[in-house]
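Scroll down for the structure; my scribbles are underneath it.
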Amino acid sequence: MSKNVSEFIIERIHAWGIKRVFGYPGDGINGVMGALDKLKDKVDFIQVAHEENAAFMACGHAKFTGEVGVCISTSGPGAIHMLNGLYDAKLDHQPVVAIVGQQARMSLGGEYQQEVDLVTLFKDVAHHFVHMVTDPNQVRHVVDRAIRIAKAERTVTCVILPNDVQELDAVEEPPHKHGSVHTGIGHSLERPVPPMSELQKAAAVLNEGKKVAILAGVGAAGAPEELKQVAEVLGAGIAKALLGRAILPDDLPYVTGAIGLLGTSASWEMMSDCDTLLMIGTGFPYSEFLPKEGQARAVQIDIDPKMVSLRYPTEVNLIGDAQETLKALIPLLQHKEDRSWRQTIEKNVADWWKVVEAKAMVDANPINPQRVLQELSPRLPDRCILTADSGSSATWFARNLKIREGMMASLSGTLATMCPGVPYITAAKFAYPDRIPIAIIGDGAMQMLGINGMITIAKYWKKWADPRMVILVLNNRDLNMVTWEQRVTNGNPEFVGSQELMDFQYAKYAELLGLKGIRVENPDEIGAALDAVLSADRPALLEVVVDPAVPPLPPHITAQQMVSFSKALLKGDNMEMGLIKQSFKDLLQEVLH
């Protein structure tokens, strides 16, 4: 019996090494759903309770495995739902293929029900490759190119399938005639290295510098040992862009931690005082946290030539794989005998961790969110996989956790969207069922889409060899990061109508779904609650009621930010006394430590 187009597509993506797809059904994609059912021994279909979460899961799968993530939806509304998750993948340079249904070919152009111009809709997010299949002879090369281009360009591609085409007889080998296209399977691994002339120029800049700072991003994830060697030879410190949170462990004395609005004072001081900057695999966007223009000579390593000399005017740009480029560069570097710069960095790092611990132990009403993460940090299981959602929860994720070797971590870096935390850890659990994923999420993201994502977890957790996974919800009844931005950036008090959230019972909801749920309102109960969820016999949610007045302030506060904050208080903020009290106690720890 001949196979149809849908069956051929599933067999083809299986041949490319795709093991699972994330999605939601609908009549626009029913042909492919039938094929997934028939071929479930080859490709596993994960039913995700919202198409946006399906796209987030495909992105998370790509981030944590390095493989192509695949998401699938019906036409019209289902396709539209996927866009946010796909933009998350695009902006964080992750290979994701979206397979999208469409109305029958004969209805297109007739303003038919659920008819949307999907090529136009996806043209921005999948601009490297988006095509609608209208003939079975196209299927092979459209699928092959979607996967190959997603992998090669580290981007999003899209295949659109009218529902009538899905049921047509497959053409496994197009006719050998003019106009046909004959593609194959496979993608060659590229690890380019810049020419020696460019490496020598870069080495000259780095060797001449007396105060070298390194900024490494997720593009350097494959080069931890090389990063350590470079830092040792140059007597440099290493700051980590947020997406590169896990590229090096935080117990290294010269790792200054995160950089930027959510970063550390040690990273700020290093960038403020350096005379040479080496950037590796990062598109960190906030130039105000880098050296002032003209302060430092700079070298950048990136595999994408479009990303160099973008955030800081670099003198030498090395286009290549981070690990291979560093391997070629290291023999050209000269060991710096003067270690005073390195000693200053290490002192600043040690001082920073003392401040972090002190701030975490400051009393709050009822619980200081920093303390929750501070108590979680030493309890993190080996090889755990961490995610955070956008918001103040990401601040504590960036500052209070000490990442150890072997862990993985990610969040929405460039799009900085809410909601990927839960689908990221769910995708991670499917990829690594023996590891413990932990999501750190605010109540805003949980209400927006996180509680929906828990339905997917409830559906599948009994299939996992080790069912442990943890959702840590910081419940402050406030859209906290934006509230603080209203105060510190705009000089306005909290707009209660836009910022205040209802006190949803997240732990009880988890129990309703058959998961474990614990709610904590007393700081003395944090440790025991963390131990309970980390050792549970099923996925667990820990809801901690925290104080929205604890300030997620940047490591360096400008005069304008101080003025704006003062204006917000003068205008009458809803939490005025709590803000003054918590901000004073927080800043006092920096003075005392």
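Side notes on the structure shown:
- Segments classed as helices (runs of 4 or more DSSP H), wholly inside region 511-593, with at least 2 members that are open to solvent by less than 30 Å² (accessible area, probe 1.4 Å) and modelled with pLDDT of 65 or more: 526-534, 576-592
- Condition met for GLY217 (more than 23 Å from the chain's Cα centre (by Cα), within 21 Å of GLY257 (Cβ to Cβ) and open to solvent by less than 40 Å² (accessible area, probe 1.4 Å)): no
- Comparison of ALA427, ALA431, ALA439, ALA398 shows that the only residue that is surrounded by 24 or more Cβ atoms within 10 Å (Cβ to Cβ) and more than 24 Å from ALA529 (Cβ to Cβ) is ALA427.
- Total residues in region 254-310, condition of a type in the set (D, E, K, R) and buried (at least 20 other Cβ atoms within 10 Å of the Cβ): 3
- Each residue in region 402-411 was checked for being surrounded by fewer than 24 Cβ atoms within 10 Å (Cβ to Cβ) and assigned to a loop (DSSP other than H, G, I, E, B), and 6 pass.
- Test: residue in region 173-187 that is of a type in the set (D, E, K, R), open to solvent by 40 Å² or more (accessible area, probe 1.4 Å) and under 35 Å from the mean Cα position of the chain (by Cα): no
- Every condition in (1) over 22 Å from the mean Cα position of the chain (by Cα); (2) open to solvent by 10 Å² or more (accessible area, probe 1.4 Å) holds for LEU234 except the one numbered (2).
- Helices (runs of 4 or more DSSP H) lying entirely in region 316-388 (those with 2 or more residues that are under 24 Å from VAL233 (Cα atoms) and out of contact with any Phe, Trp or Tyr (no Cβ under 8 Å at 6 or more places or on another chain)): 322-329, 340-360
- In region 311-352, the qualifying residues are those that are in contact with a strand residue (DSSP E or B) (Cβ under 6 Å, 6 or more places away or on another chain) and among the hydrophobic types (A, V, I, L, M, F, W, C), and the one that is surrounded by the most Cβ atoms within 10 Å (Cβ to Cβ) is ILE345.
The values are calculated or read from the model by the stated rules, or taken from the named source; none is laboratory data. Note that this is a predicted model, so its numbers are computed, not measured. In this analysis, Cβ positions are derived from the backbone assuming ideal geometry, glycine residues included, and neighbour counts consider all displayed protein chains. Just so you know, the surface numbers come from the protein's heavy atoms only, side chains and all, with ligands and any DNA or RNA stripped out. Shrake-Rupley method; radii C 1.70, N 1.55, O 1.52, S 1.80 Å.
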